[in-house]
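A quick write-up on the structure given underneath.
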Amino acid sequence: METGPAPEEGAAPDGPVIQTSAALVGDGADIAQGRHLAAAFLTRVQAEHGLAVSQRAMDLTQLVVSELVTNARKYAPGPVLLNLRILGDLVEIVVWDCDPVLPMARAADAGRVGQHGLEIVMAVAQGFEARREPVGKRITARLALADEPGGAVAGHRPP
């Protein structure tokens, strides 16, 4: 886990950047490695920085990492870069791969088997962005670290 001075964009104004990164190289264990990195990162965030991380946030972070890394491995040759960073009361999950084609969520279809990963990520995230980079693309999802009283996830409001 890296900490350092806060950059101008995306960090708490008075705190260090709390993040970790990994290059996943396609050896068949990338998805599990990403999940383990996410769990260890959030555990350290709690222990070393005293930030509240709900079990739901822990589980959803691992799920989102799994889905995004799976898609990157499936559709893009080459390495995948995974970055996890704390932004206030959110964890930001960024996955980069070398394929410039942006993912698109498919129309809901209860009869479709598979290919629901992006739908799942978009449903649980407080923020989602897919953007082309000079090489490849960067997918970003943000999840609340803690649940609000009453069981609602912080950042989402009941309808």
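Quick notes
- Here the gap between ARG44 and ASP27, fully extended at 0.36 nm per residue and compared with their Cα-Cα distance, gives a gain of 3.5 nm.
- Cβ crowding within 10 Å ranks THR61, THR43, THR140 as THR43, THR140, THR61, fewest other Cβ atoms first.
- Rounded if a/c under 1.5, otherwise prolate or oblate - the stretch 39-95, Cα gyration tensor axes: prolate
None of the figures in this text is laboratory data; all of them are computed from the coordinates on show. All of these numbers come straight from a predicted model, not from anything done at the bench. Quick reminder, even Gly has a Cβ in these numbers, built from the backbone with ideal geometry, and neighbours come from all protein chains shown.
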